[in-house]
Each structure stands twice: as structure tokens, then as C-alpha cells.
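I have placed the structure first, in the form of C-alpha cells, so that the comments after it can refer back to it.
The values are calculated or read from the model by the stated rules, or taken from the named source; none is laboratory data. Computed from a predicted model, the values in this text were never measured in an experiment. Here the Cβ positions follow ideal geometry from the backbone for every residue, glycine too, while neighbour counts run over all protein chains shown.
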Amino acid sequence: MAPPRPAASRFLPSSDAQLLLIAAALGLGLYDFLGVGGFGFGHGYEMAAVAQSLAAHGTYANPFQPAVTGPTALVPPLFPFLLAGLIRILGQPTLVVIAAVCLNIAADAFIAWLLPRLSVVFYGTHKPGTVAAVLWLFSMRLMPQWDLSLTIAGMISFCLLSRTAVIRGGTAWTTGAGLLGGLLLLANPATASVIALWVVFLFVSYRPGWRRALSQSAAMSLLAFLCLTPWLVRNYRTWHAILLRTSFGITLYSSNNDCASSSLIKESLSGCFQATHPVESVPEARILRQMGEVPYDRLKKAEAIAWIRSHPARFLQLTAARVVEFWFPDPNRYWFRCYVIWTVTLLSLPGIILMLRHRQRISYFILGVWLLYPPVYYVMVSSDRYRYPILWTSLLPAGYFLAWVSERRRARASSLSPPEQDRTVTALPA
């Protein structure tokens, strides 16, 4: 039998606290939209370019506008289809931008609402998640041209839904979790490692009910694969290759060459990105159009690997810098949020150590995500955008540590005896 499920309502923050988190997220998002600006869908945003092609011509193509490069799998399909729907319905570019921004703001608020709930699943109490939600308010930023906030909200929702499916069973929960897993893979294939680790964690955590866990996991995996099938079939018919996306070789080459820098910001300032990536380079876009996207991506992958083999010292130098910049993003015009991410990363380290000391099994899932998700980004130009999809796995350990510090201070203020103090502190994990 699976362990008894706690009554979550007892462990969640008050309704007023939840409303305050949502209101703060909405208010900060609106402030960003009105005060910062720069949320249009102009040149350089591949997902928006594909959405415009879908809305205008019904073709999933031409990510490097104004260049016409033909069919593409450069970016995953889900978010461009969503943007294309907004374009078809609303028509006016200004209205489309406003709608996309509002969707981004709503997703950010939903994440703030979800984190205490996920904290109850992880720790048996909302406190670390409530602290994590506050940290999220200061680290989130609007990126309506990309799928990030929707992907984060989807991953947290998948963790909650799939856990319920394993514990309770039931067709509705299993179907919802499986379909959501498939949609996540269509939004960002890199989430596959997180999804797989979570399913394995559920299976291992509920060993007494392993038959149910296995059957529910298999059903969810099948539904997720069925969601991917139309996209895989389309790509096979287009290029006679089984693939989810084609951007690895293109990005690897633009990140590892004679003029390469560690971060996208530095590479753009030096002009290297403009010379090596088809989104900015007319000659590269012309070659891509002549060859087709899949052969071009393979060519660039081969050229990048050849450069890496002939410049091992420089490659190691770039990779080391990108490892640091993944966890501590290069500050840009969003410098404040970058420094908040730095703070969250630093706080998550004592947090995960404390979780291991308290024998929190969820620690191994988080460590697995930290180990398996980032490596592909270590060999590519760094950007704070790449950090956000797994930021929640740092926010919760950071919140755990700060909640533990708060418990310790409260215990000292109450002049508890050492044995009672120890029990109070270790009660946090539950």
C-alpha cells in the first residue's frame, strides 16, 4: 500500500496568503509590461516567426524571418501553434502581444500558487514552498516570445497530477497526467529528463504499491507518446528522419568556433553570433535553404565537433565558463533578476544538504535534475533563459533552508530546551 496522503488543505497557506501571492505576481508582471517594455515579436524570435508562418500560410516553416528557409523543426511545435491561434483570432499585432503577455503573467501567477502545493508533496508542509513562491516573484520575468513560464507551470502540474494518478489511480488522473506530459515534450523536449526522473521517483517512492505505480506510469508514458506521434510523423515525412527538433547542430556550431564567446550577450556584442547563426547571417540562411534544415543541422554539428577536436583547450575554457553561467547567469538589462537567481542558487546548496541530512527522499530527484538537465547547455552559449525551466528545483531547496532557519530562530526566541528545539526543527520535513 502507498503511504497515506495528507489532507493538503491543512498544510496549505491561508486563503489570504495565497491570494496575496497571486496578486503580487499579477502586479509585478503588469509593472514589467508597462515599465520595461520590449515584448514585441520582431526579428530574432524563432517561435514567433514560425507562428506567423502558421497563421498566414498554414505551414510550420521559416523561423529566420525575413529569410524564407522552408519547413522547420528548429523549435518545438506547441507554443508556435498557440501564438498562431492568437494571431488568427486577434489579427492586430498589438493585441497579439498584449494577449501573449497576459498569458505569461497568468502563468507566472499560477507558478506562485503551485509552489506551496508542490512543497506539501515534497516536505509535508507549505512553508518552504511559500518562501520559494516569494523568491519566484523577484526572479520571474516576462518572456512572452518563448514558452518558458507555461513550461514551468506544466512541469509542476505534471508532478502533482502524476503523483495523484499513482496514489489514487483512476482514468481521469492518469489521462490528464499522460496528456500533460506529452504536451510538455511538444513544448520543450528537454523536459524529458525531468519527466523521466519524476516517474522513476514515484515508482521507487511507492514501492509497496509498485504494481499500481508501474501500470499508471506505463499508461502515462503511452499517452505522452501518442501526443508526440503526429509531430514525429510530420518530421519523418518531411526529412525521412525521426526527430523532435533540429537545432542542436546549428546552436553547437554558433557556440563553438574561432570567434565564440561564453554567453549569447557577449557573442552578440562581438558580432560572432551574427556571422555564424542563420537567424542573423544571410549567407548561412541561404545555405540552409539550399540544403534543407536537417542536412544543414548535421553539417553544422560535424563542423562544430571538428572545431572542438582541434581546439580542446578553448572548448574546455568555454565550457567551464558556461557551467558557471548556467547557474549564475551573466547579468544583462535584467541584472536584478539574474542576481536573485544567483541568490537562489547559493541558498539551494545548504538547502539540499539539509534535505539530505533530514533524509528527504525528494533530494535525490532534485539532484538528478541538476545532474541530467543542464549538460546540453554547458556546450552552448549561455543565457538566463536556459536556467528558468528548472529554477523551481532550486527555489524549493532554498525555501526549505530559509524555513528551517526561521524555525531555528523561533525556537531560540521561545527559549526551548535543546531536545525540544531539535524536535521542532526536524518537524519541518514531516
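Name every residue in the range 122-136 that is assigned to a helix (DSSP H, G or I) and either surrounded by fewer than 19 Cβ atoms within 10 Å (Cβ to Cβ) or free of Cβ contacts under 8 Å to residues at least 24 places away in the same chain (or both), in order of residue number.
Within the range 122-136, the first condition is being assigned to a helix (DSSP H, G or I), and the residues that meet it are 122-123, 127-136.
Answer for the range 122-136, where residues must be assigned to a helix (DSSP H, G or I) and either surrounded by fewer than 19 Cβ atoms within 10 Å (Cβ to Cβ) or free of Cβ contacts under 8 Å to residues at least 24 places away in the same chain (or both): just V134.
Which of the residues that make up the range 346-375 are closer than 19 Å to S119 by Cα, surrounded by 19 or more Cβ atoms within 10 Å (Cβ to Cβ) and under 16 Å from the mean Cα position of the chain (by Cα)?
Scanning the range 346-375 gives F365, I366, V369.
Among the residues of the range 27-67, which ones are surrounded by fewer than 13 Cβ atoms within 10 Å (Cβ to Cβ) and touching a helix residue (DSSP H, G or I) at 6+ places or on another chain (Cβ under 7 Å)?
Selection gives T59 alone.
Has the range 100-113 got any residue that is more than 13 Å from the chain's Cα centre (by Cα), more than 23 Å from M47 (Cβ to Cβ) and in a helix (DSSP H, G or I)?
Yes, that holds for at least one residue.
Here is a check on your reading of the model: is V324 surrounded by fewer than 21 Cβ atoms within 10 Å (Cβ to Cβ), touching a residue at least 24 places away in the same chain (Cβ under 8 Å) and under 24 Å from S261 (Cα atoms)?
When the stated conditions are applied, V324 does not pass them.
Just name the residue that is nearest to A73 (Cα to Cα) out of those in the range 243-278 that are without any contact (Cβ under 8 Å) to a residue 60 or more places away in the chain and buried (at least 17 other Cβ atoms within 10 Å of the Cβ).
G249
Mind listing whichever residues of the range 141-185 are part of a helix (DSSP H, G or I) and either among the aromatic types (F, W, Y) or at positive phi (or both)?
Passing the criteria: F158, W173.
Residue by residue, here is whether (1) under 30 Å from I22 (Cβ atoms); (2) in contact with a Pro (Cβ under 8 Å, 6 or more places away or on another chain) holds:
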{"residue": "V50", "(1), (2)": "no, yes"}
{"residue": "G70", "(1), (2)": "no, no"}
{"residue": "L74", "(1), (2)": "no, yes"}
{"residue": "L78", "(1), (2)": "yes, no"}
{"residue": "A100", "(1), (2)": "yes, yes"}
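Name, by its number, the condition in (1) assigned to a helix (DSSP H, G or I); (2) under 22 Å from the mean Cα position of the chain (by Cα) that does not hold for T94.
Failed condition: (2).
Can you confirm whether T151 is over 13 Å from the mean Cα position of the chain (by Cα) and not charged (D, E, K, R)?
Criteria not met by T151.
Going by the structure shown, is R412 modelled with pLDDT under 95 and either farther than 22 Å from G154 by Cα or not in a helix (DSSP H, G or I) (or both)?
Yes, satisfied.
List the pairs whose first member sits in the range 140-154 and is under 14 Å from M47 (Cα atoms), whose second member is of a type in the set (F, W, Y) and buried (at least 23 other Cβ atoms within 10 Å of the Cβ), and whose Cβ atoms are under 6 Å apart, counting only residues at least 6 apart or on separate chains?
Once the first residue is under 14 Å from M47 (Cα atoms) and sits in the range 140-154, its partners that are of a type in the set (F, W, Y) and buried (at least 23 other Cβ atoms within 10 Å of the Cβ) give D147/F79.
With (1) of a type outside the set (K, R); (2) in contact with a helix residue (DSSP H, G or I) (Cβ under 6 Å, 6 or more places away or on another chain); (3) in a helix (DSSP H, G or I); (4) surrounded by fewer than 23 Cβ atoms within 10 Å (Cβ to Cβ) as the list, and F79 as the residue in question, which single condition is left unmet?
(4)
Restricted to the range 285-321, and to residues that are crowded, with 21+ Cβ neighbours inside 10 Å and touching a helix residue (DSSP H, G or I) at 6+ places or on another chain (Cβ under 7 Å), which residue is nearest to N257 (Cα to Cα)?
A304
Given the criterion surrounded by fewer than 24 Cβ atoms within 10 Å (Cβ to Cβ), basic (K, R) and more than 14 Å from A25 (Cβ to Cβ), identify the matching residue among R163, R141.
Exactly one residue qualifies, and that residue is R163.
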